[in-house]
Amino acid sequence: MRLGWPALLVLGVAQILGAGVYVLIGTAASLYAGPAVTVSFVIAGVACLLVGLCYAELSSSVPESGSAYSYCKHTLGIGPAWALGWLLFLEFSVAASLLAVGFSGYLGSLLGDLGIVLPVAISTPTIQLLPATNGASLTVTGHTNLVAAFAVLCAGAIVAMGTSRSSLANTILVVVKVLVLVAFITVGATEVDPANWTPFVPPNEGGFTYGWEGVMRAAALLFFAFLGFETVSTAAAETRNPQRDVPIGILGSLAICATLYVLAAIVLTGLIPFRDLYVPDPIALAVDRIGWPQFAVVIKIGALAGLASVLLANAFGHSRVCYAMSRDGLLPDLFSRLHPVRNSLAGANLLLAALAAINAALLPISVMADLISFGVALMFAMVAISLIRIRSTEPERIGRFRVPLGGVRLFGIWIGVVPVGAIVLSFAMTLPVALDLMQQALAGDLLPVFLLLVYALTGGLIYRFYGRARSRRRTA
């Protein structure tokens, strides 16, 4: 099946419009930004717009499966490409887990409206962020979020059935979730309490808790919420006219979702005091406060549809990146092996879903969001560097789409306004996360830093003893 720009637009909206508005918005507002989470969305959206423009040009110049990994391999070489691909592997895997935890929260809320109570033991993660004397700390519980793990496995199984089936399911789910989100914004706007927006930027309470420090920390967290346009570019090899269709899919989906994010943030923080929003299902909490039981059920069904669509799009993008890496010898052949009947990456999809299910069962939203945000910012900076490199060394490969605002050449290197801005903002997004992780480690919460270090070490060992030699044989 060959995809056109409408299918790519649906794919982008399916991936972007999910975690940011249904899950992370509550964490960002309650822990960091307060009502100013709307500003955080704008900052993150501007940064992602610059990166999205870089993606759009690269996708029209190097229309290959694998997206950022393929761009980096073509411009910077196999070593940096492995590092970026390993970051992508982390982002897609943890994103699936985070989305599934949100799905579990909304499902539990919906079933509660219907008189069915999900046992806490199977619907909350093993590690939770709980209030403590000085802010909050990670605590080990006796629970396991089996509901979230099952949601990830179901998404992987559906995508394993083939692109055409998952694309049809995605289209239906996207239409449902957009309509329901618009309904929430429209109805919720009539019920807001303006007092909840005061103070708009709460005074800083130390570290990145509120104040403008918190606004930037929330922006770094919400950077991940726009990651969906990455999935659009992973489908370049399956697109009829990638030079035209991929840029439309990337920029169109970014514009639609940024607008909905900001409007939803305004309504949500007007309905609920921001300190009450640290839950996996903030939209469900808000519609319950409105006091319309039937409307609440509809909204929760729409939220579940939205998260399900993102899970499907995420599984699609993850398997395509692994496929590109496997073709180059960096990952085992399982990740590039097509099913003989369905012509899908069935084995890869099921294995990736199983890995994500483990994280979904064990980790809380806050830890997963930090892992994703840190990796996404580094990955986006590498994409912008790749654009500078290809413009400098292979100007003949420039496709139909070019980033606006131009640039200058210094010592033979093209310095573009857009990619340089993307690099600066990407590192600006990285800094608050890095500083906050250091503060957490000094306070005794070592888990996020430990997970990042173990993941980086594992990636280095895999490349050193497995991927490097095989990639040289494949490309020789």
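The values are calculated or read from the model by the stated rules, or taken from the named source; none is laboratory data. What you see is a predicted model; the values in this text were computed from it and never measured. Here the Cβ is made from the backbone with ideal geometry for all residues, glycine too, and neighbour counts use every protein chain on show. Accessible surface areas use protein heavy atoms only, side chains included; no ligands, DNA or RNA. Shrake-Rupley method; radii C 1.70, N 1.55, O 1.52, S 1.80 Å.
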With 0.36 nm assigned to each residue of separation and the Cα-Cα distance removed, Gln294 to Thr141 gains 51.7 nm
Could you pull out every residue, at least 5 positions away or on a different chain, whose amide H is within less than 5 Å of the one on Thr239? Hs are placed 1.01 Å off N in the peptide plane, and Pro or chain starts have none. Leu3
Students sometimes get this wrong: rank Thr239, Thr259, Thr190 by accessible area, probe 1.4 Å, all chains present, largest first. Thr190, Thr259, Thr239
Give the percent of DSSP beta bridges with both residues in the chain that are antiparallel, rounded to the nearest 5. 90 percent
For segment 349-476, just say rounded, prolate or oblate: build the C-alpha gyration tensor, square-root its eigenvalues into a ≥ b ≥ c, call rounded for a/c under 1.5, and beyond that prolate if a/b exceeds b/c, oblate if not. oblate
Along segment 348-355, what does the Karplus equation 6.51 cos²θ - 1.76 cosθ + 1.60 (θ = phi - 60°) give for ³J(HN,Hα), rounded to whole Hz, x for Gly and Pro? 5, 4, 5, 5, 4, 5, 5, 5
One finds, for Leu111 and Arg464 with R0 = 56 angstrom and r their Cβ-Cβ distance, a FRET efficiency to the nearest 0.05 of 0.70
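What's the carbon and sulfur percent of segment 359-476's accessible surface, probe 1.4 angstrom, rounded to a whole number?
C and S fraction of accessible area: 70 percent.
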If you count, for each residue, the other Cβ atoms within 10 Å and average over each peptide, how do 428-440, 444-456, 41-53 line up from highest to lowest? 41-53, 428-440, 444-456
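Starting from the Cα-Cα distance between Arg402 and Ala121, subtract it from 0.36 nm times their residue separation and give me the gain in nm to one decimal.
96.0 nm
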Linear extension gain, Val341 paired with Phe200, 0.36 nm per residue minus alpha-carbon span: 45.2 nm
Classify segment 180-279 as rounded, prolate or oblate, taking a ≥ b ≥ c as the square roots of the eigenvalues of its Cα gyration tensor: rounded when a/c is under 1.5, otherwise prolate if a/b is larger than b/c and oblate if not. oblate
Putting +1 on Lys and Arg Cβ atoms and -1 on Asp and Glu Cβ atoms, find which of Pro35, Ile78, Cys322 reaches farthest to the positive end of the dipole of the chain. Ile78
Which residues' amide hydrogens lie under 5 Å from the amide hydrogen of Trp414, considering only partners 5 or more residues apart or on another chain, with H built in the peptide plane? Ser392
Rounded, prolate or oblate for segment 336-402? Axes are the square roots of the Cα gyration tensor eigenvalues, ordered a ≥ b ≥ c, and the cut-off for rounded is a/c under 1.5. oblate
Work out the length of the dipole vector of the chain about its Cα centre, built from +1 on the beta-carbon of each Lys and Arg and -1 on the beta-carbon of each Asp and Glu, and round it to the nearest 20 debye. 1800 debye
What is the packing order of peptides 411-421, 264-274, taking the mean over residues of other C-beta atoms within 10 Å and listing the highest first? 264-274, 411-421
Could you point to the label whose value was computed as Cα extents along the principal axes in Å for the structure here, given (1) 67, 59, 39; (2) 63, 52, 43; (3) 63, 59, 47? (2)
The farthest towards the positive end of the charge dipole of segment 234-391, of the residues Ile256, Gly375, Ile283, given +1 on Cβ of Lys and Arg and -1 on Cβ of Asp and Glu, is Ile256
On the formula 1/(1 + (r/R0)^6), with r taken between the Cβ atoms of Asp193 and Glu394 and R0 of 56 Å, the FRET efficiency rounded to 0.05 is 0.50
If R₀ is 41 angstrom, what is the calculated FRET efficiency for the pair Asp276 and Val420, using the beta carbon separation as r and rounding to 0.05? 0.50
